[in-house]
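Right, one structure below, let's go through it.
Every read-out reported here was derived from the displayed coordinates using simple, explicitly stated rules and does not represent laboratory data. Quick caveat, the model's predicted, so the values are computed rather than measured. Backbone-built Cβ (ideal geometry, glycine too); neighbour counts: all protein chains shown.
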């Protein structure tokens, strides 16, 4: 399964739409991890957590092919002068048809199951999912049990500021979907 098919399947599993680029990135990150499917997204550390330039370029490709529509929602200007906007994505009728053709494949079914696991674990919004992705990214890189304070300290090396309460919620999510078990403790190691 290539990146375009993978993303079309994710959109289909989420009812044909996803609100926000960050949410899209993090959902794709976790669906990839949960499904075991590697469409070559290649995530690296970025400001909002793990980020894939392949996801961004594939979204552009899907838009250009007419399979995906992007809408921009403006929310005004922040106090520092930055514009606040969210990019929402929706499968077009053609995109829905392509996704339906993929539906019988085992990979598509695995993606559907992975999305259900995320939804059953509370279907976190983009900020919570970003923190969970950061925590999981760190745990994968360290390959050792870590405490919440240890993860918070390691996050600082990526300029990620994570408060411990948010991190605890993220760990609960990771445990709920089965991506971590006893690798996280409350006390420093």
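If each residue of separation counts as 0.36 nm, what is the full-extension length gain between residue 105 and residue 64 once their alpha-carbon separation is subtracted?
Stretched out fully, the residue 105 to residue 64 stretch lengthens by 12.3 nm.
Relative to the longest principal Cα axis of the chain, at what angle does helix 3-13 sit, 0 to 90 degrees, rounded to 10?
Helix 3-13 sits at roughly 90 degrees to that axis.
Mean separation of Cα pairs under 8 Å and 6+ residues apart, divided by the residue count of the chain: what relative contact order is that in percent?
About 24 percent, as a whole number.
Determine the gain in length on full extension of the stretch residue 141-residue 125; use 0.36 nm per residue of separation and subtract their C-alpha separation, reporting nm with one decimal.
Using 0.36 nm per residue and subtracting the Cα-Cα distance, I get 3.3 nm.
Would you work out the relative contact order for the stretch 122-189, in percent, from Cα pairs under 8 angstrom that are 6 or more residues apart?
Relative contact order of the stretch 122-189: 44 percent.
What share of all Cα pairs of the chain, in percent, falls into each consecutive 10 Å distance bin?
Using 10 Å bins, I get a P(r) of 9, 35, 34, 18, 4, 0 for the chain.
From the helices alone, meaning DSSP H stretches of at least four residues, give me the mean residue ellipticity at 222 nm for the chain, per-run term -39500 (n - 2.57), in deg cm²/dmol to the nearest 500.
-17000 deg cm²/dmol
Got a sec? How would 87, 51 order by Cβ neighbour count within 10 Å, fewest to most? Don't skip to the answer; put the middle values down first.
Numbers: 87 16, 51 21.
The fewest-first ordering by Cβ neighbours comes to 87, 51.
Once the Cα atoms of helix 164-177 and of the chain are each reduced to a long axis, what angle between those two axes, in degrees from 0 to 90 to the nearest 10, is obtained?
60 degrees
With a 10 Å Cβ neighbour count serving as the proxy for reagent exposure, in which order, fewest first, do 21, 144, 117 appear?
144, 117, 21
Test of understanding: ordering 1, 168, 146 by Cβ neighbours within 10 Å, fewest first, what list do you get?
By the 10 Å Cβ count, ascending: 168, 1, 146.
Output the antiparallel fraction of DSSP beta bridges having both residues in the chain, as a percent to the nearest 5. Display every interim value, and only then the final one.
Details: 12 of 14 bridges.
Around 85 percent of the beta bridges assigned by DSSP in the chain are antiparallel ones.
Taking only Cα atoms of the stretch 122-189, what ratio of Rg to Rh do you get with Rh as the Kirkwood inverse-distance radius?
For the stretch 122-189, the value is 0.91.
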